[in-house]
Amino acid sequence: EPLVESGGGLVQPGGSLRLSCAASGFTFSWYAMSWYRQAPGKEREFLASVSMEDDAHIADSVKDRFSISRDNAKNMLYLRMNSLKPEDTAVYLCHGKWRQIEYWGQGIQVTVSP
């Protein structure tokens with residue numbers, strides 16, 4: 001698999017998680033990388049992106065709580081999530097894009113519940 005997410009699970013409201021996305025089989029540093037999420041019955045939602053030049057963009061809906069980073073030496077993408085809320089419960093997906101080539105991870109479940 002080109003992209004494999006990890007670090008999800010069950011967390012209490014107000015807690016934090018760091019999701020990781022391991023990339024393999026392609027030149028990771030060339031790719032713009034992003035995180036999305038999809039909750040049951042809802043459309044896929046963009047959360048954050050980081051360009052090959054390390055410019056980050058965070059969606060307004062989560063910008064005060066989430067941050068994105070990449071480590072090109074390790075072929076890793078991260079999403080740090082703080083002050084988690086029950087409405088953050090979703091499957092979180094890693095995405096990479098370079099020119100016309102795109103990869104999606106299979107996603108990882110994050111559940112925020114007491």
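The values are calculated or read from the model by the stated rules, or taken from the named source; none is laboratory data. The structure presented is a predicted model; accordingly, all values stated were derived computationally and were not measured. Here the Cβ positions follow ideal geometry from the backbone for every residue, glycine too, while neighbour counts run over all protein chains shown. With ligands, DNA and RNA removed, areas are computed over all heavy atoms of the protein, side chains included. Shrake-Rupley method; radii C 1.70, N 1.55, O 1.52, S 1.80 Å.
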Percent carbon-and-sulfur accessible area, the chain, ignoring ligands, DNA and RNA, probe 1.4 Å: 47
Highest-MSF residue in the chain out of 99, 37, 65 [GNM, Cα springs under 10 Å]: 99
At most 13 other Cβ within 10 Å, DSSP loop - GluC sites (Glu not before Pro), the stretch 22-94: 43, 53
Mean separation of Cα contacts under 8 Å, 6 or more apart, over the residue count of the chain: relative contact order %: 37
Residue 71 paired with residue 27, simple spin-label distance in nm, labels 7 Å along Cα-to-beta-carbon: 2.3
Point-to-point label distance, residue 4-residue 106, nm (Cα→Cβ direction, 7 Å offset): 0.9
22 Å Cα cut-off, lysine pairs counted over the chain (separation 8 or more, or different chains): 5
